[in-house]
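See structure below.
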Amino acid sequence: MTRISVTVDGVDYSDEVEPRTLLVHYLREQLGKTGTVVGCDTSNCGACTVHLDGRSVKSCNVLAVQADGHDVTTIEGLAKDGELHPMQQAFHDCHALQCGYCTPGMIMQAIDVLNDTPDPSEEQIRVGLEGNLCRCTGYHNIVKAVQQAAGAGATTGSSAGTTSGSTLGGEPV
Amino acid sequence: MIPASFDYVAPTSVADALAALAEAGDDAKVLAGGQSLLPILRMRLNAPEKVIDLGRIEELKGVSEDGDHVVIGAMTTYADVLASDLVRQHAGLLTDAIAEVADPQIRHRGTVGGALVHADPAGDVGAPALALETEFVITGSGGERTVAAADFFQDLFETAVGEGELLTAIRVPKHTGWGHRYEKFVRVSHQWSIVAVAATVRVDGGTIAEARIGLTNMGSTPLRATAVEQALVGKAATDEAVREACAAAAEGTNPPSDLNGDSDYRRHLATVLARRAVLAAAGA
Ligand SMILES: Cc1cc2nc3c(=O)[nH]c(=O)nc-3n(C[C@H](O)[C@H](O)[C@H](O)COP(=O)(O)OP(=O)(O)OC[C@H]3O[C@@H](n4cnc5c(N)ncnc54)[C@H](O)[C@@H]3O)c2cc1C
Ligand code: FES
Ligand code: FES
């Protein structure tokens, strides 16, 4: 076992993990953060996307020990005081989900896209989401939601708004 | 799926990493960005006893300039290479190709060194590295040696990096002012190259003065299309002249046949993609 210290959604954790533990399993099984889901076995689907030091990663393809000393934000860390993050709100408003399975990862990656390109073209949105698969929506309303969120200025705010060492600029929206 | 159990160390210097490698011998596996290795471990295609994580070795990260070369540390992520003005300015072919690798999440973790040592023939970094005549800095207990690109890729998933050694950096000769284009052919977004062509050319008064062409997935290693390179020299950068020169793009290749296309189809693709890549690189 190896001891790791990780900040997740603004809370500091220190835990013993087996080195082979995947970050997604640490989040779900040890921290109970089941908002982040597993959708494939090949790191293709993007459902497990979280932010590691403010950049999107597929948490099924990162070891928990690699996150030692780093800052993780999951879908569960986005809402503030009962208010949805603008990207979550936009997905809700635009009907950007059906079964919802891809949604946690889709939202985390959509925020990453806006962090890189605050005012993206439709193509930049589609290319930015190429590592996230959705079997229901046909992507159309997802693209609309990202456009709405961009209009609302949702370019930052993946960080849980604590003093943790996120590399994201700006204040949480 | 979950990997088999392993011991884990995360050294903070190359010296400590080499010592850990020497101690563990062939029971150890080096972990870079993990974007190829972790899927392999999860599928239990490999089960090392020890994993040596290079992720905390700062000296292996970053892009710098050394005279006529751009030096990229092995642990520099794709994302950091994409953000590098030095690379864009002096080795734009690498920027073009890396932009086509996988997806943003994987580019945030995957490293240039990991990609090159993994040496998947369908990987997008090998062909541009070869075309740019990159030098590979390999470090072992006996010190450092530099290997030319032509000698680095040896076979399917095999490189000049030996047991107990690490790739520590690549040195890319500056191709300042050269045009560049990576033409990657896939059927769906976010796919490995069926075939891709990496082209960089120096155009002088509308004439191609020098050309370097690398091929992805046209054999067990990345390949140079030397016949095309030679045929292009002195040619006008016009569709007709480039088309003629690029007809030789598949010469000397041995592309695979699989569900995405048989080898004849790949040979044809290579000529088409080479023409497109060269014309775009030449600004025509
Ligand atoms: C869904 C998916 C899609 C992908 N699509 C593409 C694509 O379109 N194009 C493409 O090119 N790639 C693609 N990849 C692969 C990706 O580019 C990998 O990141 C890359 O091949 C490996 O780099 P890494 O840093 O993650 O290395 P790792 O996975 O950590 O290591 C790879 C291998 O190299 C060895 N190694 C790593 N660094 C060193 C070093 N410095 N010295 C010695 N040995 C070392 C490791 O022991 C291991 O054997 C994809 C991967 C996934 C999961
Ligand atoms: S579960 Fe991580 S990419 Fe599918
Ligand atoms: S909403 Fe069902 S997979 Fe995207």
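The values are calculated or read from the model by the stated rules, or taken from the named source; none is laboratory data. Fair warning: this is a prediction, and the values are worked out from it, not measured in the lab. As a convention, Cβ positions derive from the backbone with ideal geometry for all residues, glycine included, and neighbour counts pool all protein chains shown. Surface accessibility is based on the protein's heavy atoms, side chains included, excluding ligands, DNA and RNA. Shrake-Rupley method; radii C 1.70, N 1.55, O 1.52, S 1.80 Å.
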*Could you rank the peptides B:204-215, B:124-135 by their average count of other C-beta atoms within 10 Å per residue, with the highest value first?*
B:124-135, B:204-215
*Figure the gain on full extension for B:VAL233 and B:GLN191 (residue separation times 0.36 nm, minus the Cα-Cα span) and round it to one decimal in nm.*
11.8 nm
_If you scale each eigenvalue of the Cα gyration tensor by 5 and take the root, what three semi-axes come out for the range B:183-262, rounded to whole angstrom and sorted largest first?_
26, 13, 11
_Neighbour cut-off at most 14 other Cβ (10 Å), DSSP loop, GluC sites (Glu not before Pro), the range B:140-173_ = B:GLU163
_Neighbour net charge for B:VAL71 - beta-carbon separation under 14 angstrom, K R +1, D E -1_ = -4
*asked:* Using the crude model of +1 on Lys and Arg Cβ and -1 on Asp and Glu Cβ, and no other charge, please compute the dipole size for the range A:86-151 relative to its Cα centre, in debye to 20.
replied: 260 debye
*State, in angstrom, two size descriptors of the range A:41-122 derived from its alpha carbons: Rg to one decimal place and Dmax to the nearest whole number.*
13.2, 38
*In straight Cα distance, which aspartates and glutamates are under 17 Å from B:LYS50, not counting same-chain residues fewer than 8 positions off?*
A:GLU18, B:ASP7, B:ASP16, B:GLU23, B:ASP26, B:ASP27, B:GLU163, B:GLU165
*Looking only at other chains, what is the average number of their beta-carbon atoms within 10 angstrom of each beta-carbon in A:40-47?*
4
*Convert each backbone phi in the range A:128-139 into a coupling constant with the Karplus relation 6.51 cos²θ - 1.76 cosθ + 1.60 (shift: θ = phi - 60°), then list the ³J(HN,Hα) values in order as whole Hz, x for Gly and Pro.*
x, 9, 5, x, 10, 9, 10, 8, 10, 7, x, 6
*Evaluate peptide B:31-37: per residue, the Cβ atoms of other protein chains within 10 Å of its Cβ; return the mean as an integer.*
3
*Taking amide hydrogens as modeled 1.01 Å from N in the peptide plane, which residues meet the under 5 Å criterion relative to B:THR159, leaving out close sequence neighbours?*
B:GLN154
*What percentage of the solvent-accessible surface of the range B:58-173, computed with a 1.4 Å probe over protein heavy atoms, is contributed by carbon and sulfur atoms?*
44 percent
*May I ask you to list the residues of the range B:214-241 whose amide nitrogen lies under 13 Å from a point 7 Å from Cα along the Cα→beta-carbon direction of B:ASP204?*
B:233-235
*Given C-alpha coordinates of chain A, what is the ratio Rg to Rh with the Kirkwood estimate of Rh?*
0.95
*Excluding residues fewer than 8 places away in the same chain, name every one of the lysines whose C-alpha is closer than 29 Å to that of B:LYS235.*
B:LYS174, B:LYS184
*Which cross-chain or sequence-distant (5 or more) residues have an amide H under 5 Å from the amide H of B:GLU210, H modelled 1.01 Å from N in plane?*
B:ARG202
*asked:* So if I take the centroid of the Cα atoms in the range B:1-76 and the same for the range B:250-284, what is the distance between those two points in Å?
replied: 33 Å
*Using alpha carbon centroids, what distance separates the range A:60-131 and the range B:186-222, in Å?*
34 Å
*asked:* Residue by residue through B:3-10, how many Cβ atoms from other chains fall within 10 Å of the Cβ on average?
replied: 4
*Which whole-Hz couplings ³J(HN,Hα) result when phi for each residue of the range A:18-29 is put into the Karplus expression 6.51 cos²θ - 1.76 cosθ + 1.60, θ = phi - 60°, listed in order with x for Gly and Pro?*
6, x, 7, 5, 6, 3, 4, 6, 4, 4, 6, 8
*What's log10 of I(q)/I(0) for the range B:7-56 at q = 0.20, 0.25, 0.32 Å⁻¹, Debye sum over Cα points only, no solvent?*
-0.63, -0.92, -1.25
*What residues qualify as long-range amide H neighbours of A:GLU18, i.e. H under 5 Å apart, gap of 5 or more or another chain, H built at 1.01 Å from N?*
A:THR2
*Descending Cα extents along the principal axes, the range A:86-151, whole Å*: 28, 22, 17
*asked:* Can you tell me the convex hull volume per residue for the range B:1-135, based on C-alpha atoms, in Å³ to the nearest whole number?
replied: 115 Å³
*Leaving out same-chain residues fewer than 8 places away, which lysines sit with a Cα under 19 Å from that of A:LYS58?*
A:LYS33
*Cα gyration tensor shape of the range B:124-210, rounded if a/c is under 1.5, else prolate or oblate by comparing a/b with b/c*: oblate
_From the P(r) of the range B:58-173, could you give the percentage of C-alpha pairs in the tail past 26 Å?_
10 percent
*Where Rh is the Kirkwood radius over the Cα pairs of the protein assembly as shown, the temperature 37 °C and the viscosity 0.692 mPa s, what D in µm²/s does Stokes-Einstein return?*
143 µm²/s
*What does the charge count near B:ALA280 come to, summing +1 for each Lys or Arg and -1 for each Asp or Glu among other residues with Cβ under 13 Å from its Cβ?*
+1
*asked:* Per residue, how much accessible surface does the protein assembly as shown expose to a 1.4 Å probe? Answer in Å², no decimals.
replied: 41 Å²
*B plus A alone minus the pair: what accessible area, both sides summed, probe 1.4 Å, in Å² to 100?*
2400 Å²
*Would you list the P(r) distribution for chain B, with all Cα-Cα distances sorted into 5 Å bins from 0 and each bin expressed as a whole %?*
1, 6, 12, 17, 18, 16, 12, 8, 5, 3, 1, 0, 0
_Explain nothing, just the number: dipole magnitude of chain B about its Cα centre with +1 on each Lys and Arg Cβ and -1 on each Asp and Glu Cβ, in debye rounded to the nearest 20._
820 debye
*So what J values fall out for the range B:145-158 if you push phi through Karplus, 6.51 cos²θ - 1.76 cosθ + 1.60 with θ = phi - 60°, rounded to Hz, Gly and Pro as x?*
9, 10, 10, 6, 4, 4, 9, 6, 8, 9, 6, 3, 6, 10
*Pop a pseudo-label 7 angstrom from the Cα along the beta-carbon direction at both A:GLU123 and B:ALA83 and give the gap in nm to one decimal.*
2.4 nm
*For the range A:104-139, which residues drop by 40 square angstrom or more in accessible area between the chain on its own and all protein chains together (1.4 Å probe)?*
A:GLU130
